[in-house]
Amino acid sequence: MAALRPPRLDAAPDEVARIAAAAPDWATLAATARSCVACPELAAVRQHVVVGDVPASGRPLVAFVGEAPGATEDETGRPFVGRSGALLDQLLAEAGLDRAECAVLNVVKCRPPGNRTPKAPEVARCSGWLHRQIDLLDPPAIVALGLSAAKWFLGPKTVLGRAREHPHPWNGRGLYVTYHPSAAIRFGPNGAPRAALAADLRQVAHLVGKRDLP
Ligand code: URA
């Protein structure tokens, strides 16, 4: 699939969004995003643009959205394949969800140096890609993993603990907010974030018909 002309260095968010919105399918979006250089600091040091994983069918049961790639993701070009990804895979399997049936995406597609939190202009420039990804994939349910993703969907004043408490209608889809796997790792196997993340994933599995009891 031919790529579109990619966003240039320092492209404005609306230019990225216009290009992303013109991608007629996932393959075109992915090929175009891989050449995006809108964020100068990120484009200068990244090894890969981590576009995201999607099921072969192109129709995920659930779309998981994290913050941004880390070192292993930058090396491999795939989302959630480092320590956070290993925990996510384990908890998805325990909940009864098959990662291969889900989309795994990030708010920002390039690794911020030193794994810093993405800056607001980087999030703004990258937003067009995620909007178009969600349009193309049309997932019935979306799970925001951690505060950066929750804020992307629900706004800057979002408080994670409160946002977790109930689903949020978002553009006609069910949006669920939970902890990022890195928080579960930070607080340890017996910490509250891990138990909450596991319970939230069981609840999502129940809601999409993959589990009898929450
Ligand atoms: N953390 C994220 O938010 N995304 C990844 O892809 C990996 C770690």
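We did not get these values from a lab; they are worked out from the coordinates using the rules stated. Because the structure is a prediction, the values reported are computed rather than measured. Glycine also receives a Cβ, built like all others from the backbone with ideal geometry; neighbour counts cover every protein chain displayed.
Structure notes:
- For region 1-51, the relative contact order works out to 45 percent when only alpha carbon pairs closer than 8 Å and six or more residues apart are counted.
- Cα gyration tensor, region 58-147 - rounded (a/c under 1.5), prolate or oblate: oblate
- Charge context of residue 47, other residues only, Cβ under 13 angstrom, K/R +1, D/E -1: +2
- A straight chain from residue 212 to residue 89 at 0.36 nm per residue would run longer than the Cα-Cα distance by 42.3 nm.
- Counted without the sites themselves, the longest stretch of the chain free of trypsin sites (Lys or Arg not before Pro) in a DSSP loop having at most 14 other beta carbon atoms within 10 Å is 9-115.
- You can think of it this way: the chain between residue 45 and residue 101 has 17.0 nm of extra reach, that is 0.36 nm per residue less the Cα-Cα gap.
- With semi-axes defined as the square roots of five times the eigenvalues of the C-alpha gyration tensor, the equivalent ellipsoid of region 55-214 measures 21, 18, 16 Å, largest first.
- A straight line joining the Cα centroids of region 1-70 and region 122-171 runs 16 Å.
- Burial ordering of 142, 185, 134, fewest other beta-carbon atoms within 10 Å first: 185, 134, 142
- Extent of region 1-40 along its three principal axes (Cα atoms, max minus min coordinate, largest first): 25, 16, 12 Å.
- Contour minus Cα-Cα distance for residue 117 and residue 59 (0.36 nm per residue): 17.9 nm
- Taking every alpha-carbon pair under 8 Å whose residues sit at least 6 apart, region 62-136 reaches a relative contact order of 39 percent.
- Residue-count net charge about residue 60 - beta-carbon cut-off 14 Å; Lys, Arg +1, Asp, Glu -1: -1
- Surface/4 of the Cα convex hull for region 155-197, nm²: 3.4 nm²
- When 126, 102, 39 are sorted by how many other C-beta atoms sit within 10 angstrom of their C-beta, beginning with the fewest, the order is 102, 39, 126.
- Relative contact order of the chain, defined on C-alpha pairs under 8 angstrom at six or more residues apart (%): 21 percent
- Fraction of alpha-carbon pairs over 25 Å apart in region 1-121 - percent: 24 percent
- Net charge dipole size for region 102-214 [Lys, Arg +1 and Asp, Glu -1 on Cβ; Debye, nearest 20]: 360 debye
- Angle in degrees between helix 120-137 and the longest Cα principal axis of the chain, rounded to the nearest 10: 70 degrees
- Rounded to the nearest whole Hz, the Karplus-based 3J(HN,Hα) values (6.51 cos²θ - 1.76 cosθ + 1.60, θ = phi - 60°) of region 188-194 follow the sequence x, x, 9, x, 4, x, 5, with x at glycine and proline.
- Put a dot 7 Å past the Cα of residue 135, heading toward its Cβ, do the same for residue 185, and the two dots end up 3.4 nm apart.
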